[in-house]
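One structure below.
Read the figures in this text as sums done on the coordinates, not as results from a lab. What you are looking at is a predicted structure, and each value in this text was computed from that prediction instead of being measured. With ideal geometry, Cβ positions are generated from the backbone for all residues, glycine too; neighbour counts draw on all protein chains shown.
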Amino acid sequence: MNIRTPGKLVRNCVYCHRKYIQIKNYPSTGDIIKINNDTNAISVIECFDFDNEDEPQIRTVWGQNRTINYTRDTGPLYHHKWMFVADDYAGFNVEESKARSIKINAVLTAHPEIKRNKIGNKKYWEDNVIPLL
């Protein structure tokens, strides 16, 4: 049996659900812990509704030196949220999230005109990818 370790690696950072990492001296709220592997900087990230949104949207980021607040209009999106959690996570259906990732990847492969570096932008995502899912 393969046991997958929770955590999504993006560039030099690992993103993991707070359930799996305990951080002292940071807000107790938040869904995601981001660790920068180059600088060891830590951020705590709160989404509007991590468990219930297919692509959770960031509400607040607490970093070591600053806090960033977003609105529903401006908050970036996370894709492939199953990667942030273990396969036995109970907050959402992990297998459904994996299936959505397969659909997303198929759309992006079939439509190379979609700019992957912009799909974290809510408006771009809704205008260019959602209609194709």
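Considering only Cα-Cα distances, which of the following residue pairs are longer than 20 Å: 19/123; 8/103; 81/122; 34/81?
19/123
If each DSSP helix of 4+ residues adds -39,500 (n - 2.57) and the sum is divided by the residues in the chain, what number results at 222 nm, nearest 500 deg cm²/dmol?
-5500 deg cm²/dmol
Work through the residues other than residue 121 whose Cβ is under 12 Å from its Cβ and net out their charges, Lys, Arg +1 and Asp, Glu -1.
Around residue 121, the charge tally is +1.
Here are labelled values, (1) 76, 37, 36; (2) 63, 57, 18; (3) 44, 40, 28, and one is the computed Cα extents along the principal axes in Å for what I pasted. Which one?
(3)
Taking the Cα atoms only, what angle lies between the long axis of helix 94-110 and the longest principal axis of the chain, rounded to 10 degrees?
It is inclined by approximately 50 degrees.
Taking θ = phi - 60°, what integer Hz values does the Karplus form 6.51 cos²θ - 1.76 cosθ + 1.60 yield along region 56-66, in sequence order, with x for Gly and Pro?
Ordered by residue, 3J(HN,Hα) equals x, 9, 6, 9, 9, 10, 9, x, 5, 10, 7 Hz.
Along the Cα-to-Cβ line of residue 39, 7 Å from the Cα, sits a label point; which residues in region 59-96 have backbone N less than 11 Å from it?
63-66
Please tell me the relative contact order of the chain in percent, rounded to the nearest whole number, where contacts are Cα pairs under 8 Å and at least six residues apart.
Reported as a whole number, the value is 18 percent.
Per-residue HN-Hα couplings for region 34-48, Karplus 6.51 cos²θ - 1.76 cosθ + 1.60 at θ = phi - 60°, whole Hz, x for Gly and Pro?
Once rounded to whole Hz, the list reads 10, 10, 7, 5, 7, 10, 6, 5, 10, 10, 10, 10, 9, 9, 4.
If each residue's Cβ is checked for other Cβ atoms within 10 Å, how do 88, 127, 54 rank with the fewest at the top?
Fewest-to-most ranking of 88, 127, 54: 88, 127, 54.
Mean-square fluctuation check for the chain, GNM, Cα pairs under 10 Å: which of 58, 119, 21 is largest?
21
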